[in-house]
Structure formats: C-alpha cells, structure tokens
Amino acid sequence: MSIMNPGEKHIACVLLVDTSGSMQGSPIAELNEGLAEFGRALQEDAKAYGCADVCVISFDSQVRTIVPFCSAAEYTAPVLSAGGQTALNEGIITALDAIDQRKQEYRNIGVDYWRPWLFLMTDGGPTDSNYEADAKRRLQDALTRKKINFFPMGIGPASETPDKLKQYTLNGNGMVLKASLNNFKEAFVWVSN
C-alpha cells in the first residue's frame with residue numbers, strides 16, 4: 001500500500017453509488033459523467049489532489065469495489081452500467097469496512113487524517129432487508145462515535161420521498177441531500193470541495 005504525501009493530513013472519501021436497474025438510461029449516464037467530473041474537480045484542487053484518498057463502491061444485486069482506495073492523483077473515473085436489485089445495506093457495510101481498513105492503514109504508517117466521508121447516492125430503497133439491521137446499527141455507531149461524516153443523497157424518486165434514507169442518518173434526524181439527475185456535476189464538485 002502506498003499513500004501519497006504521507007506527511008500531509010489525509011481524508012478518506014467513499015462514493016457508494018447505486019447501479020441498480022432503475023438507474024438505466026440517463027441516470028447512469030449522468031452518474032458516470034459525475035464521477036468523471038469529480039476526478040476533474042479533484043485535479044483542480046491542489047489540497048485535495050495531495051491528501052484525498054478516493055474509493056468507489058457500487059451496489060446493485062451485488063456490491064463491488066470498483067475503485068479501491070487511491071490518491072486523488074491516481075483516481076480514474078470508472079464507467080458503470082445499471083442492472084439488478086438494490087443491495088444498499090450490504091453496500092453500507094462494505095463501505096464502512098473499507099473506511100475502517102483505510103484508517104488502520106493510516107495508523108500503521110503514522111498518517112494523520114480527518115474524519116472520513118461516506119457519500120451514498122441512490123434512487124430507491126434497499127432490496128436486501130436481511131442486512132438492514134446490521135447496516136443501520138454499524139452506521140449509527142460510527143455516527144454516534146463521530147467516526148465518519150455521512151451524506152445520503154437521494155436521486156429522482158428518493159429525493160422526493162427521502163424518509164427511507166433519513167432512517168440511516170444519526171438517530172433518523174439527519175438531512176438527506178437532493179441530487180437532481182440534472183445536477184450530478186454540481187453535487188460531485190461540492191463533494192470534492
């Protein structure tokens with residue numbers, strides 16, 4: 001494992017993105033453009049370029065680590081396709097595991113870090129209810145103990161009825177951001193800032 005600029009304080013940023021069947025068509029195309037725009041925004045920000053570590057995890061019927069943690073300088077936007085169900089809960093568990101592992105890597109080599117960021121982007125509710133209790137428990141624990149910053153972003157229908165996503169925020173009282181399908185670029189630029 002190599003970490004760019006180990007003398008700088010780092011931030012781990014996980015983008016947990018929905019690639020389920022309901023994202024087919026323009027939503028997945030706009031998500032792909034947003035991931036590319038995120039990379040461009042990171043490259044234009046000298047501070048982020050040297051200290052941000054990015055991981056992209058997708059979820060549909062399966063959860064996949066598409067881009068394992070890498071420095072912003074090494075990030076290349078993936079091109080994703082849509083299909084399948086919505087394994088959102090398993091995705092959250094996988095993302096939390098990835099963050100824990102990255103923090104341990106920082107500690108192992110003496111790199112200081114800011115509280116990691118987990119961005120969840122989805123257009124619907126989870127279909128993997130068998131993982132829901134564990135996902136919510138682990139997320140609530142991480143939020144209560146201030147181990148992560150969590151930003152759920154509803155896309156399309158999920159942005160109009162954010163109640164399901166709100167259940168994943170701290171004590172169910174947090175804010176769900178609205179990621180307009182026409183506004184991915186701005187959302188990703190905001191993330192990078």
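The values are calculated or read from the model by the stated rules, or taken from the named source; none is laboratory data. Predicted model only: the values in this text are computed from it and were never measured. So basically every Cβ, Gly included, is an ideal-geometry build from the backbone, and we count neighbours across all protein chains shown. Keep in mind that these areas ignore ligands, DNA and RNA; they rest on the heavy atoms of the full protein, side chains included. Shrake-Rupley method; radii C 1.70, N 1.55, O 1.52, S 1.80 Å.
List of remarks:
- Test: residue 129 is farther than 19 Å from residue 151 by Cα, among the polar types (S, T, N, Q) and either touching a residue at least 60 places away in the same chain (Cβ under 8 Å) or crowded, with 18+ Cβ neighbours inside 10 Å (or both): no
- Counted as qualifying within region 90-193 are the helices (runs of 4 or more DSSP H) with 1 or more residues that are out of contact with any helix residue (DSSP H, G or I) (no Cβ under 7 Å at 6 or more places or on another chain) and modelled with pLDDT of 80 or more, namely 132-144, 163-166.
- Filter result for residue 63 (open to solvent by 30 Å² or more (accessible area, probe 1.4 Å) and in contact with a helix residue (DSSP H, G or I) (Cβ under 9 Å, 6 or more places away or on another chain)): yes
- Selection count, region 81-129, where residues are among the polar types (S, T, N, Q) and under 14 Å from the mean Cα position of the chain (by Cα): 3
- Members of region 23-60 that are open to solvent by 10 Å² or more (accessible area, probe 1.4 Å) and of a type in the set (Phe, Trp, Tyr): 49
Matching residues to (1) open to solvent by less than 40 Å² (accessible area, probe 1.4 Å); (2) among the aliphatic types (A, V, I, L, M); (3) within 22 Å of residue 25 (Cα to Cα):
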| site | (1), (2), (3) |
| --- | --- |
| 72 | yes, yes, no |
| 78 | yes, no, yes |
| 87 | yes, yes, yes |
| 97 | no, no, no |
| 124 | yes, no, yes |
| 143 | yes, yes, no |
| 147 | no, no, no |
| 166 | no, no, no |
| 170 | no, yes, no |
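- Of the residues examined, residue 175 is not one that is touching a Pro at 6+ places or on another chain (Cβ under 9 Å), touching a residue at least 60 places away in the same chain (Cβ under 8 Å) and either more than 22 Å from residue 53 (Cα to Cα) or not charged (D, E, K, R) (or both).
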